[in-house]
Amino acid sequence: MKSQLPFLFVIFFITLTTTNLLVTSQSTRPGDNATIYKISKQLCWGCIGESLQFLYNHNLVRATKWELPLMWDFQLEKYARWWASQRKQDCKLQHSFPENDFKLGENIYWGSGSTWSASDAVSTWAGEEKYYTYATNSCEKGRVCGHYTQIVWKNTRRIGCARVVCDDGDVFMTCNYDPVGNYIGQRPY
(Lines give C-alpha, C1' and ligand atoms only; values in the text may rest on other atoms or scores of the structure.)
Protein backbone atom coordinates (compact mmCIF):
# COMPACT_ATOMS: atom_id res chain seq x y z
CA MET A 1 0.00 0.00 0.00
CA LYS A 2 2.82 2.42 0.81
CA SER A 3 4.18 2.24 -2.76
CA GLN A 4 0.75 3.26 -4.08
CA LEU A 5 0.55 6.40 -1.94
CA PRO A 6 2.44 8.72 -4.35
CA PHE A 7 0.34 7.42 -7.25
CA LEU A 8 -2.91 7.99 -5.37
CA PHE A 9 -1.75 11.44 -4.32
CA VAL A 10 -1.04 12.38 -7.95
CA ILE A 11 -4.49 11.09 -9.01
CA PHE A 12 -6.05 13.21 -6.24
CA PHE A 13 -4.26 16.33 -7.53
CA ILE A 14 -5.18 15.58 -11.14
CA THR A 15 -8.82 15.30 -10.12
CA LEU A 16 -8.71 18.59 -8.20
CA THR A 17 -6.85 20.28 -11.05
CA THR A 18 -9.37 19.15 -13.64
CA THR A 19 -12.27 20.17 -11.43
CA ASN A 20 -10.78 23.62 -10.83
CA LEU A 21 -9.67 24.30 -14.41
CA LEU A 22 -12.64 26.48 -15.30
CA VAL A 23 -12.65 28.54 -12.11
CA THR A 24 -11.86 32.20 -12.70
CA SER A 25 -12.34 33.55 -9.17
CA GLN A 26 -13.38 36.98 -10.42
CA SER A 27 -15.34 37.77 -7.28
CA THR A 28 -12.29 37.71 -5.00
CA ARG A 29 -9.88 39.98 -6.88
CA PRO A 30 -7.80 42.52 -5.01
CA GLY A 31 -8.42 46.04 -6.33
CA ASP A 32 -4.81 46.59 -7.42
CA ASN A 33 -5.03 43.71 -9.94
CA ALA A 34 -7.94 45.20 -11.89
CA THR A 35 -5.65 46.21 -14.78
CA ILE A 36 -5.03 42.66 -15.92
CA TYR A 37 -8.74 41.93 -16.28
CA LYS A 38 -9.24 44.69 -18.85
CA ILE A 39 -6.50 43.65 -21.27
CA SER A 40 -8.33 41.13 -23.39
CA LYS A 41 -11.93 40.18 -24.00
CA GLN A 42 -11.43 36.78 -25.68
CA LEU A 43 -10.28 33.38 -24.47
CA CYS A 44 -7.81 31.30 -26.42
CA TRP A 45 -9.88 28.12 -26.78
CA GLY A 46 -7.21 26.51 -28.98
CA CYS A 47 -4.78 26.77 -26.08
CA ILE A 48 -6.63 24.45 -23.69
CA GLY A 49 -4.10 21.61 -24.15
CA GLU A 50 -1.21 23.95 -23.42
CA SER A 51 -3.05 25.33 -20.38
CA LEU A 52 -3.56 21.81 -19.06
CA GLN A 53 0.15 21.09 -19.55
CA PHE A 54 1.16 24.20 -17.60
CA LEU A 55 -1.35 23.51 -14.82
CA TYR A 56 -0.69 19.77 -14.52
CA ASN A 57 3.09 20.21 -14.32
CA HIS A 58 2.86 23.03 -11.78
CA ASN A 59 0.58 20.93 -9.60
CA LEU A 60 2.89 17.92 -9.79
CA VAL A 61 5.71 20.07 -8.41
CA ARG A 62 3.42 21.46 -5.68
CA ALA A 63 2.27 17.94 -4.76
CA THR A 64 5.83 17.00 -3.80
CA LYS A 65 5.61 19.64 -1.04
CA TRP A 66 2.02 18.78 -0.09
CA GLU A 67 0.80 22.19 -1.27
CA LEU A 68 -2.74 22.72 -2.54
CA PRO A 69 -3.12 22.57 -6.31
CA LEU A 70 -3.34 25.77 -8.30
CA MET A 71 -6.47 26.70 -10.24
CA TRP A 72 -6.31 27.92 -13.82
CA ASP A 73 -7.43 31.52 -14.09
CA PHE A 74 -8.50 32.68 -17.55
CA GLN A 75 -7.96 36.33 -16.63
CA LEU A 76 -4.34 35.64 -15.70
CA GLU A 77 -4.00 33.66 -18.94
CA LYS A 78 -5.32 36.64 -20.91
CA TYR A 79 -2.74 38.89 -19.27
CA ALA A 80 0.04 36.35 -19.91
CA ARG A 81 -1.07 36.02 -23.55
CA TRP A 82 -1.06 39.80 -23.96
CA TRP A 83 2.41 40.07 -22.39
CA ALA A 84 3.76 37.22 -24.53
CA SER A 85 2.38 38.89 -27.67
CA GLN A 86 4.35 42.03 -26.72
CA ARG A 87 7.52 39.93 -26.81
CA LYS A 88 6.69 38.16 -30.09
CA GLN A 89 8.84 40.44 -32.25
CA ASP A 90 11.92 39.88 -30.11
CA CYS A 91 11.90 37.03 -27.58
CA LYS A 92 15.37 37.88 -26.33
CA LEU A 93 14.59 41.37 -25.00
CA GLN A 94 16.33 41.95 -21.68
CA HIS A 95 13.43 43.93 -20.18
CA SER A 96 11.14 41.35 -18.61
CA PHE A 97 8.40 43.23 -16.75
CA PRO A 98 5.95 45.68 -18.31
CA GLU A 99 5.25 48.85 -16.37
CA ASN A 100 2.23 48.05 -14.21
CA ASP A 101 0.30 49.08 -11.16
CA PHE A 102 -0.48 45.60 -9.85
CA LYS A 103 1.31 42.72 -8.20
CA LEU A 104 1.57 39.28 -9.77
CA GLY A 105 4.21 36.62 -9.52
CA GLU A 106 5.85 35.87 -12.85
CA ASN A 107 8.07 33.19 -14.32
CA ILE A 108 9.53 33.69 -17.80
CA TYR A 109 11.11 31.13 -20.14
CA TRP A 110 12.87 31.64 -23.45
CA GLY A 111 14.04 28.78 -25.66
CA SER A 112 15.97 28.78 -28.93
CA GLY A 113 13.87 27.03 -31.58
CA SER A 114 10.13 26.45 -31.74
CA THR A 115 9.75 23.01 -30.12
CA TRP A 116 9.89 24.01 -26.45
CA SER A 117 6.71 23.10 -24.57
CA ALA A 118 4.95 24.12 -21.38
CA SER A 119 6.39 21.00 -19.75
CA ASP A 120 9.92 22.13 -20.65
CA ALA A 121 9.40 25.52 -19.03
CA VAL A 122 7.94 24.14 -15.80
CA SER A 123 10.61 21.44 -15.65
CA THR A 124 13.35 24.05 -15.98
CA TRP A 125 11.84 26.24 -13.26
CA ALA A 126 11.25 23.25 -10.97
CA GLY A 127 14.84 22.12 -11.57
CA GLU A 128 15.99 25.08 -9.48
CA GLU A 129 14.90 23.14 -6.40
CA LYS A 130 18.42 21.71 -6.22
CA TYR A 131 19.72 25.22 -5.53
CA TYR A 132 17.24 25.98 -2.73
CA THR A 133 18.02 25.20 0.91
CA TYR A 134 14.97 25.16 3.14
CA ALA A 135 16.96 25.33 6.41
CA THR A 136 18.46 28.70 5.46
CA ASN A 137 15.59 29.73 3.16
CA SER A 138 18.10 30.74 0.53
CA CYS A 139 19.51 29.91 -2.89
CA GLU A 140 22.97 28.51 -3.39
CA LYS A 141 25.42 31.37 -3.97
CA GLY A 142 25.49 32.39 -7.62
CA ARG A 143 22.34 30.37 -8.46
CA VAL A 144 18.71 31.23 -9.06
CA CYS A 145 15.82 29.45 -7.34
CA GLY A 146 13.02 32.03 -7.32
CA HIS A 147 11.17 30.41 -10.21
CA TYR A 148 10.94 27.20 -8.19
CA THR A 149 9.87 28.91 -4.97
CA GLN A 150 7.14 30.81 -6.86
CA ILE A 151 5.75 27.50 -8.15
CA VAL A 152 5.53 26.00 -4.65
CA TRP A 153 4.59 29.22 -2.79
CA LYS A 154 2.06 28.17 -0.14
CA ASN A 155 -0.32 31.13 -0.54
CA THR A 156 -0.48 31.17 -4.33
CA ARG A 157 -3.83 29.83 -5.59
CA ARG A 158 -4.25 30.85 -9.24
CA ILE A 159 -2.14 30.65 -12.37
CA GLY A 160 -2.38 31.73 -15.97
CA CYS A 161 0.27 31.11 -18.62
CA ALA A 162 0.95 31.63 -22.32
CA ARG A 163 3.37 30.34 -24.96
CA VAL A 164 4.21 32.09 -28.22
CA VAL A 165 6.52 31.28 -31.10
CA CYS A 166 8.33 34.51 -31.84
CA ASP A 167 9.02 36.02 -35.22
CA ASP A 168 12.60 34.73 -35.05
CA GLY A 169 11.36 31.14 -34.49
CA ASP A 170 12.22 30.98 -30.78
CA VAL A 171 9.73 30.35 -27.97
CA PHE A 172 8.70 32.71 -25.19
CA MET A 173 6.57 31.51 -22.26
CA THR A 174 5.29 33.32 -19.22
CA CYS A 175 3.23 32.30 -16.20
CA ASN A 176 1.55 34.69 -13.79
CA TYR A 177 0.69 33.78 -10.19
CA ASP A 178 -1.84 35.25 -7.79
CA PRO A 179 -1.34 35.92 -4.96
CA VAL A 180 2.31 36.68 -5.59
CA GLY A 181 5.03 34.71 -3.79
CA ASN A 182 8.71 35.11 -2.97
CA TYR A 183 8.38 37.50 -0.04
CA ILE A 184 11.73 38.18 1.57
CA GLY A 185 12.04 36.46 4.92
CA GLN A 186 9.13 34.06 4.31
CA ARG A 187 9.44 30.39 3.43
CA PRO A 188 7.68 29.06 0.33
CA TYR A 189 6.09 26.07 2.14
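The values are calculated or read from the model by the stated rules, or taken from the named source; none is laboratory data. Just so you know, these numbers come straight off a predicted model, no measurement behind them. Note: ideal-geometry Cβ built from the backbone for every residue, glycine included; neighbour counts use all protein chains shown. The area values use the complete protein model at the heavy-atom level, side chains included, leaving out ligands, DNA and RNA. Shrake-Rupley method; radii C 1.70, N 1.55, O 1.52, S 1.80 Å.
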Checklist outcome for this item: From the option list Gln186, Gln86, single residue qualifying as open to solvent by 50 Å² or more (accessible area, probe 1.4 Å) and at pLDDT 95 or above is Gln186
Next on the checklist: Checking the conditions here, which among Arg157, Arg143, Arg163 is of a type in the set (D, E, K, R) and within 11 Å of the chain's Cα centre (by Cα)?
Outcome noted: Arg157
Checklist entry - Looking only at residues in the stretch 36-69 that are open to solvent by 40 Å² or more (accessible area, probe 1.4 Å) and among the polar types (S, T, N, Q), which one is modelled with the lowest pLDDT? => result Gln42
Item to check | Looking only at the stretch 128-157, and only at residues there that are touching a residue at least 24 places away in the same chain (Cβ under 8 Å), part of a loop (DSSP other than H, G, I, E, B) and open to solvent by less than 50 Å² (accessible area, probe 1.4 Å), the one that is farthest from Gly105 (Cα to Cα) | outcome: Asn137
Item to check | Test: residue in the stretch 105-127 that is open to solvent by 50 Å² or more (accessible area, probe 1.4 Å), in a helix (DSSP H, G or I) and touching a residue at least 24 places away in the same chain (Cβ under 8 Å) | outcome: yes
Item to check | Tally, over the stretch 158-180, of residues that are among the small types (Gly, Ala, Ser) and open to solvent by 10 Å² or more (accessible area, probe 1.4 Å) | outcome: 1
Checklist outcome for this item: For Ser27, the lone unmet condition from (1) modelled with pLDDT under 50; (2) outside any helix (DSSP H, G or I) is (2)
